[in-house]
2 protein chains.
Amino acid sequence: MDTLRLAIVGYGKIARDQHHPAIANDPRHRLTAVASRNASVPEVANFESLEALLEQGPEIDAVSLCTPAGVRTQQARLAMAHGKHVMLEKPPGATLAEIETLREDAERHGVTLFASWHSRHAHGVAGAKRWLAERQVRRVDIEWKEDVRVWHPGQAWIWQPGGMGVFDPGINALSIATAILPRPFHLVDAQLQVPGNCQTPIAASLDFVDGENVPIHAEFDFRQQGTPPIWEIHVETDAGRMTLEAGGRRLLIDGKLQQEGPDAEYAGLYARFAELIAEGRSDVDVSPFRHVADSLMLGYRHTVEDFIE
Amino acid sequence: MDTLRLAIVGYGKIARDQHHPAIANDPRHRLTAVASRNASVPEVANFESLEALLEQGPEIDAVSLCTPAGVRTQQARLAMAHGKHVMLEKPPGATLAEIETLREDAERHGVTLFASWHSRHAHGVAGAKRWLAERQVRRVDIEWKEDVRVWHPGQAWIWQPGGMGVFDPGINALSIATAILPRPFHLVDAQLQVPGNCQTPIAASLDFVDGENVPIHAEFDFRQQGTPPIWEIHVETDAGRMTLEAGGRRLLIDGKLQQEGPDAEYAGLYARFAELIAEGRSDVDVSPFRHVADSLMLGYRHTVEDFIE
């Protein structure tokens, strides 16, 4: 397969820290252009917008959209209408409905659409899925707790509608759980803690069940202070207890370390994107985002003290 | 085709007022049994629960679930596991995720699953869809306003999470709009008015666009007082203005009445259910419910005065 000529659209922190290095280290991709209002990147063609890139730019095969979810859908539609393959940062849209439109567009234009979930490419996730496939799951506990002031400094958008609050990191846990557990699950109860001056929850306590009534409990909390973040999934089975720690980078069985790897989630994403393009397929799994929508629709909102950063 | 032996599960107001008469007037169905904790119906076999009906009851082909959304999914799964076709009142579940599980169950068990939207069977809806199919839509305005004290007396559940507030009637408008408009649409802005003592909105102002950027505006309001309800959809096209009034019962073009019919939505539902079973197909369109989830996820919540019934 020829090298894919790739453009990044939206060159903010996540593009600089994660996408660009992952692309640079992957021989299947070559960063050819960047479209960004605020940044300019050496050694590639720079444009102020995706429109300008598509009109004046060098030939490209694919775009990776690292812009906010609110504008991504329109950009994705434009890129696909020009025959470009598209990779979306998570979540794949601001609404569930628009993702259906994107899915139809990808089919119509015959291009690959990849709704990426970076946490699914954490080092221990594939091993966890394999181990669970041969066991009976009895119960699942998810803990996803971090200090919002440390991990999201100045991100006022996170407290606005669509910013998802604690679900912004929590959706990473849901993206892993939906990937490793043997059966789909659905929400039965959600308790949301919403600061009086915010639109989105600072903490959430969620109860799901799967099709065999296995309970799946999740605690998301942004109010962790003074201690390291906890990004863990514990699964009790008929043959031992499996734990994913460090956001999926470490896999333990009955407390014993089985696998541990460096943070290479975005390398995994770009490898997968190249595979999907080579196979002429799309991968658009909305299930993590659907669980967020269900939680915000069905959740009981408790007002808690104002959040002052 | 043989007459379908049908059971109603959950014999409350909607079953008594709408489902039972519609079934009684349709020769393709015969009401054979009822499962209800609180009601007993003459001339059919009565059971306290779906479980008891399936264990001890007469042979049935299909069940119509008129129970609250929170318990319906479990009942639907049980009925399908026993090989029964299932019709669901709207909305088809308490969460979007559980509907995916139901969809998979229906396929696995080879039965028909029908997620019903009664407003789609209002008299003018089919004609509206046909008329719009040949025009260019320019803009859509939806007004769905009623006095909650008149139309939902004593329904405290409507103000609880999952009760959907003004989206309980509003989803009827969305079920018509998703049926008659030529393209899917998605939410771009939602403003929600939530009483200080309630969990769900008493009013909502919604802005959608479709794939061609046609604006679709919706006003849902429970605070209509002293005047008849307004259940209207107005569509401006390149060749005139179409209006659906009275919840879809009346169709007007440029203000002139084209079609008007009696309230026969549930007759339409049961006719459709019989057709789907005869064709061995399911019909599970979640799009109206997905718009509600998107609205509650993305909506800006304004606190308004307490609601006292």
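The values are calculated or read from the model by the stated rules, or taken from the named source; none is laboratory data. On a predicted model such as this, the values are computed, not experimentally measured, just so you know. In this analysis, Cβ positions are derived from the backbone assuming ideal geometry, glycine residues included, and neighbour counts consider all displayed protein chains. Accessible surface is based on the protein model in full, side chains and every heavy atom, while ligands, DNA and RNA are left aside. Shrake-Rupley method; radii C 1.70, N 1.55, O 1.52, S 1.80 Å.
When the range A:211-241 is filtered for residues that are surrounded by 19 or more Cβ atoms within 10 Å (Cβ to Cβ) and over 17 Å from residue A:304 (Cα atoms), the ones remaining, listed by number, are A:214, A:216, A:218, A:231, A:232, A:233, A:235. For the range B:167-222, filtering for residues that are closer than 17 Å to residue B:147 by Cα and without any contact (Cβ under 8 Å) to a residue 24 or more places away in the chain leaves 2.
Working only within the range A:163-180, note down all residues that are assigned to a loop (DSSP other than H, G, I, E, B), crowded, with 22+ Cβ neighbours inside 10 Å and either within 13 Å of another protein chain (Cβ to nearest Cβ) or not β-branched (Val, Ile, Thr) (or both). Can you show your working first?
Here is the first cut: in the range A:163-180, the residues assigned to a loop (DSSP other than H, G, I, E, B) are A:163-166.
Keeping just the survivors that are crowded, with 22+ Cβ neighbours inside 10 Å gives A:164-166.
A:164, A:165 - these are the residues of the range A:163-180 that are assigned to a loop (DSSP other than H, G, I, E, B), crowded, with 22+ Cβ neighbours inside 10 Å and either within 13 Å of another protein chain (Cβ to nearest Cβ) or not β-branched (Val, Ile, Thr) (or both).
Against the definition (within 15 Å of the chain's Cα centre (by Cα) and open to solvent by 60 Å² or more (accessible area, probe 1.4 Å)), how does residue B:283 come out, yes or no? For residue B:283, the condition - within 15 Å of the chain's Cα centre (by Cα) and open to solvent by 60 Å² or more (accessible area, probe 1.4 Å) - is not met.
In the range A:286-309, which residues are hydroxyl-bearing (Ser, Thr, Tyr) and surrounded by 15 or more Cβ atoms within 10 Å (Cβ to Cβ)? If the condition is that a residue be hydroxyl-bearing (Ser, Thr, Tyr) and surrounded by 15 or more Cβ atoms within 10 Å (Cβ to Cβ), then A:287, A:295 are the ones that fit.
Is it the case, given these coordinates, that residue A:257 is open to solvent by 30 Å² or more (accessible area, probe 1.4 Å), over 20 Å from the mean Cα position of the chain (by Cα) and hydrophobic (A, V, I, L, M, F, W, C)?
Numbers: open to solvent by 30 Å² or more (accessible area, probe 1.4 Å): yes; over 20 Å from the mean Cα position of the chain (by Cα): yes; hydrophobic (A, V, I, L, M, F, W, C): yes.
Answer is yes for this residue.
Here residue B:67 fits the description: among the polar types (S, T, N, Q) and either open to solvent by 40 Å² or more (accessible area, probe 1.4 Å) or under 23 Å from residue B:101 (Cβ atoms) (or both). Within the range B:17-33, identify whether any single residue is charged (D, E, K, R) and closer than 30 Å to residue B:290 by Cα, and answer yes or no. Within the range B:17-33 (the criterion being charged (D, E, K, R) and closer than 30 Å to residue B:290 by Cα), the answer is yes, since at least one residue qualifies.
Anything in the range A:84-134 that is within 14 Å of another protein chain (Cβ to nearest Cβ), of a type in the set (D, E, K, R) and under 19 Å from the mean Cα position of the chain (by Cα)? List them, or say none. Listed by number, the residues that qualify are A:98, A:100, A:103.
What pairs come out if I take residues in the range A:266-292 that are closer than 18 Å to residue A:125 by Cβ and pair them with residues that are open to solvent by 40 Å² or more (accessible area, probe 1.4 Å) whose C-beta lies under 6 Å away, six or more apart or interchain? Every condition considered, the pairs that remain are A:266/A:18; A:268/A:121; A:269/A:121.
Find the residue count for the range A:96-138, including only residues that are under 20 Å from residue A:210 (Cα atoms) and among the β-branched types (Val, Ile, Thr).
Of the residues in the range A:96-138, the ones under 20 Å from residue A:210 (Cα atoms) are A:120, A:125, A:128-138.
Checking which are among the β-branched types (Val, Ile, Thr) leaves us with A:125, A:137.
Result for the range A:96-138: 2.
When residues in the range B:123-143 are screened for being closer than 21 Å to residue B:290 by Cα and out of contact with any Leu (no Cβ under 9 Å at 6 or more places or on another chain), 2 of them pass.
Looking only at the range B:181-190, count how many residues are farther than 17 Å from residue A:92 by Cα and either facing chain A (nearest Cβ under 10 Å) or among the aromatic types (Phe, Trp, Tyr) (or both).
Within the range B:181-190, the subset farther than 17 Å from residue A:92 by Cα is B:181-184, B:189-190.
Remaining after also requiring either facing chain A (nearest Cβ under 10 Å) or among the aromatic types (Phe, Trp, Tyr) (or both): B:183-184, B:189-190.
Number of matching residues: 4.
For the range A:73-119, the set of residues classified as open to solvent by 10 Å² or more (accessible area, probe 1.4 Å) and assigned to a strand (DSSP E or B) consists of A:85 only.
All conditions but one from (1) among the charged types (D, E, K, R); (2) within 14 Å of chain B (Cβ to nearest Cβ); (3) not in a strand (DSSP E or B) apply to residue A:263; the one that does not is (2). The set of residues from the range A:144-162 being more than 14 Å from chain B (Cβ to nearest Cβ), of a type in the set (Phe, Trp, Tyr) and buried (at least 20 other Cβ atoms within 10 Å of the Cβ) comprises just one member, A:144.
Hey, any hits in the range B:128-143 for a residue that's under 21 Å from residue B:223 (Cα atoms) and crowded, with 19+ Cβ neighbours inside 10 Å? Before you say what the answer is, go through the steps one by one.
Within the range B:128-143, the subset under 21 Å from residue B:223 (Cα atoms) is B:141-143.
Remaining after also requiring crowded, with 19+ Cβ neighbours inside 10 Å: B:142.
Within the range B:128-143 (the criterion being under 21 Å from residue B:223 (Cα atoms) and crowded, with 19+ Cβ neighbours inside 10 Å), the answer is yes, since at least one residue qualifies.
Taken over the range A:215-234, the criterion of being of a type in the set (Gly, Ala, Ser) and part of a loop (DSSP other than H, G, I, E, B) is satisfied by A:226 alone. Restrict the check to the range A:235-253 and report whether at least one residue is over 22 Å from the mean Cα position of the chain (by Cα), of a type in the set (A, V, I, L, M, F, W, C), part of a loop (DSSP other than H, G, I, E, B) and away from every other protein chain (no Cβ under 14 Å). Scanning the range A:235-253, I find at least one residue that is over 22 Å from the mean Cα position of the chain (by Cα), of a type in the set (A, V, I, L, M, F, W, C), part of a loop (DSSP other than H, G, I, E, B) and away from every other protein chain (no Cβ under 14 Å), so the answer is yes. Candidates are the residues of the range A:1-27 that are within 22 Å of the chain's Cα centre (by Cα) and part of a loop (DSSP other than H, G, I, E, B); the one that is surrounded by the most Cβ atoms within 10 Å (Cβ to Cβ) is A:10.
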